[in-house]
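A short worksheet on the structure shown next.
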Amino acid sequence: MKYALKQNELDQINEHHFFLKLKKINIKTGNAFIILINQNDADRLGIMPGDELRLDWNDKSMELYTDISSDLVSEGHFGLFLDIFEKYDVKEGELMRLSFAKRAPSLKAIYKKLKGGVLNFNEIYQIIHDIVEHKLNELEIAFFIAPSFNEKNIDLNEMYYMTKSISMLGDTFDFGELVADKHSTGGLPGNRVTPIIVPIISSFNICIPKTSSRSITSPAGTADTVESIMKVDFSSSQIKDLIKENNACMVWGGALKLAPADDIIINITRSLGIEPYSKMIISVMAKKVAMGIKYLVIDIPLAKGAKISDIKTAKKIEKMFLFLAKKFNIKTKVVISKSFGPIGKGIGPNLEMRDVMRVLQQKENRPLDLENKAVKLSGCLLEMTGVVKKGEGEKMAKTNLKNGLAFKKMVDIIRAQNGDENLDSEDIKIGEYFYEIKANKNGIVKSINNASIVELCSLLGTPKLKGSGIYLNKNVGEKYMKGDVVFTLYSESEQRLNLAKDALEKLKEIYI
């Protein structure tokens, strides 16, 4: 008869290890921390599906969640998936030591939070530590997330403790005192100002180590866009080299061990279908603290269909950002701006990058709304750092854009990140399949439905198909005549283009 060990029995035998040989399972699961145990070994040792086991090797250890199999691993062996082999120096066929994992120390604090208690720094630090060390399973983390990010009863001090703990338990950087950054709360198609701001700011000898994310639900993240012309995945030591060379970089944060607890929490909140504003703020600020940022401008775009659509919510978010910024001594300005549609002409990685390069190269067909917003935010940072006089920021940012210094800095960044330094905006490849939507009457664009744009881009294949997306031939405020092309669908796949064309009839009105 099969017998499941109780927790007190696990604690008693925890020092009694057992040994099994490692087998590589040639499957990627997306969840590295799973171990496969043979059914006969599980029966003999009293192991149940879902039990947490500790694996020790070469002065290292990890905790894994158990699955049971009769055929994927033979008796006397245990299996690990490719996810583990890609991250850790484990060798197939090696005899390795396993034991039952002890109860996570932070469960007591999670229980306290569930009962409505307020946690102190030590309690929150222990929870975050246990998340990073994989001592908590997803259900236990979810029990912590649910009460901690309750928007109606958020505790600002707990937000501070979480931000501090998340930033401490990962890689940290120190690039000196004159270190600036910009962040957008997102949700607005296009709006790709970051790759314009970085070279502008760097052209004034201000350090700007920009880490960005990939898209989750939008047509493109900054990392997806920048990756269309240069490498973005670098290690911590390589980033230090990039900063030493150019005082700037644009890299994918996911390639770093920057705030690793945050990545785990994000995956669980996504599974739960929630994106609390407090969680977003903690995530942003923890990474800024870890990167050693001293000056920060936060862009909050207000728009129908964007993440934030009303001024009341925006002001609440501004207050929380400024609270944390003060705690960490980061000089911060929050810029709230209303929009009636996307910023820029291109939506999708390559189309957005073409817009960026057109602005930096000062082409006649550059999107002026994108340029103006980048100049405004750059001006804020320049004035905050004290590098230029108050009231002179936008003027000086515009000057370095027009005289080519910003583009020269962009070329340096592209070269350092293994891109083509001779790249012209018009060299960026756009999907070969396209479909033009023409106006059936004269008019002026008053607004653009952001949600419909995002849905169409998804059907076209963004962000994976980097050349796919939408080009807004006519943007908000622009006049058009009957027969004019108002927007164009692009895709690298003819089938996906047809999907988007079919969806045009079903979507809500895109242009008003």
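For this structure, a couple of remarks:
- Single condition L296 does not satisfy, out of (1) more than 22 Å from the chain's Cα centre (by Cα); (2) modelled with pLDDT of 95 or more: (1)
- Restricting the first member to segment 467-492 and to residues that are more than 11 Å from L456 (Cα to Cα) and of a type in the set (K, R), and the second to residues that are in a loop (DSSP other than H, G, I, E, B) and open to solvent by 10 Å² or more (accessible area, probe 1.4 Å), the beta-carbon pairs closer than 7 Å and six or more apart or on different chains are K474/D484; K482/A439; K482/N440; K482/K441; K482/N442.
- Entry remark, segment 387-406: residues being open to solvent by 50 Å² or more (accessible area, probe 1.4 Å) and either within 21 Å of D355 (Cβ to Cβ) or β-branched (V, I, T) (or both) number 7 in total.
- Residue match in segment 175-189 (condition: farther than 25 Å from M384 by Cα, open to solvent by less than 30 Å² (accessible area, probe 1.4 Å) and part of a helix (DSSP H, G or I)): no
- Restricting attention to segment 349-387 and to residues that are free of Cβ contacts under 8 Å to residues at least 40 places away in the same chain and assigned to a helix (DSSP H, G or I), the residue that is farthest from L489 (Cα to Cα) turns out to be E383.
- Unique residue being at pLDDT 85 or above, in a helix (DSSP H, G or I) and buried (at least 17 other Cβ atoms within 10 Å of the Cβ) when the list is D67, D83: D83
- Among residues of segment 394-418 that are without any contact (Cβ under 8 Å) to a residue 60 or more places away in the chain, those with a beta-carbon under 6 Å from a residue that is part of a helix (DSSP H, G or I) and open to solvent by less than 50 Å² (accessible area, probe 1.4 Å) at least six positions away or on a different chain give the pairs E394/V375; E394/G379; K398/V375.
- Number of positions in segment 256-273 that are open to solvent by 40 Å² or more (accessible area, probe 1.4 Å) and more than 16 Å from M162 (Cβ to Cβ): 6
- Summed over segment 119-141, the residues that are under 30 Å from I34 (Cα atoms) and either more than 20 Å from the chain's Cα centre (by Cα) or acidic (D, E) (or both) give a count of 16.
- None of L139, L169 is among the aliphatic types (A, V, I, L, M) and touching a residue at least 12 places away in the same chain (Cβ under 8 Å) except L169.
- Qualifying residue in segment 116-135 (condition: among the hydroxyl-bearing types (S, T, Y), outside any loop (DSSP other than H, G, I, E, B) and either open to solvent by less than 40 Å² (accessible area, probe 1.4 Å) or in contact (Cβ under 8 Å) with a residue 12 or more places away in the chain (or both)): yes
- Matching residues in segment 190-248 - criterion: being within 25 Å of G176 (Cβ to Cβ), charged (D, E, K, R) and open to solvent by less than 20 Å² (accessible area, probe 1.4 Å): K210
- Taking segment 407-449 as the range and being buried (at least 17 other Cβ atoms within 10 Å of the Cβ), of a type in the set (S, T, Y) and assigned to a strand (DSSP E or B) as the test, only Y433 passes.
- Yes/no for V297 being touching a Ser or Thr at 6+ places or on another chain (Cβ under 8 Å), in a helix (DSSP H, G or I) and within 28 Å of S236 (Cα to Cα): no
- Search result, residues across segment 233-272 that are touching a residue at least 60 places away in the same chain (Cβ under 8 Å), among the small types (G, A, S) and in a helix (DSSP H, G or I): S236, A261, S271
- Meets criteria (over 30 Å from F144 (Cβ atoms), of a type in the set (A, V, I, L, M), assigned to a strand (DSSP E or B) and open to solvent by less than 80 Å² (accessible area, probe 1.4 Å)) for M96: yes
Okay, residues lined up against (1) at pLDDT below 95; (2) over 26 Å from A248 (Cβ atoms); (3) charged (D, E, K, R):
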residue: P147; (1), (2), (3): yes, yes, no
residue: N153; (1), (2), (3): yes, yes, no
residue: L156; (1), (2), (3): yes, yes, no
residue: K164; (1), (2), (3): no, yes, yes
residue: D174; (1), (2), (3): no, no, yes
residue: V179; (1), (2), (3): no, no, no
residue: K182; (1), (2), (3): no, no, yes
residue: G186; (1), (2), (3): yes, no, no
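- Looking only at segment 300-330, residues that are in a helix (DSSP H, G or I) and of a type in the set (D, E) come to 1 in all.
- Taking the numbered list (1) modelled with pLDDT of 95 or more; (2) surrounded by fewer than 15 Cβ atoms within 10 Å (Cβ to Cβ) in turn, K327 passes all entries but (2).
The values are calculated or read from the model by the stated rules, or taken from the named source; none is laboratory data. Just so it is clear, the structure is predicted and the values come from calculations on it, not from any experiment. Here Cβ is always computed from backbone atoms with ideal geometry, including for glycine, and neighbour counts include all displayed protein chains. Note: accessible area is taken over every heavy atom of the protein model, side chains too, but ligands, DNA and RNA are not part of it. Shrake-Rupley method; radii C 1.70, N 1.55, O 1.52, S 1.80 Å.
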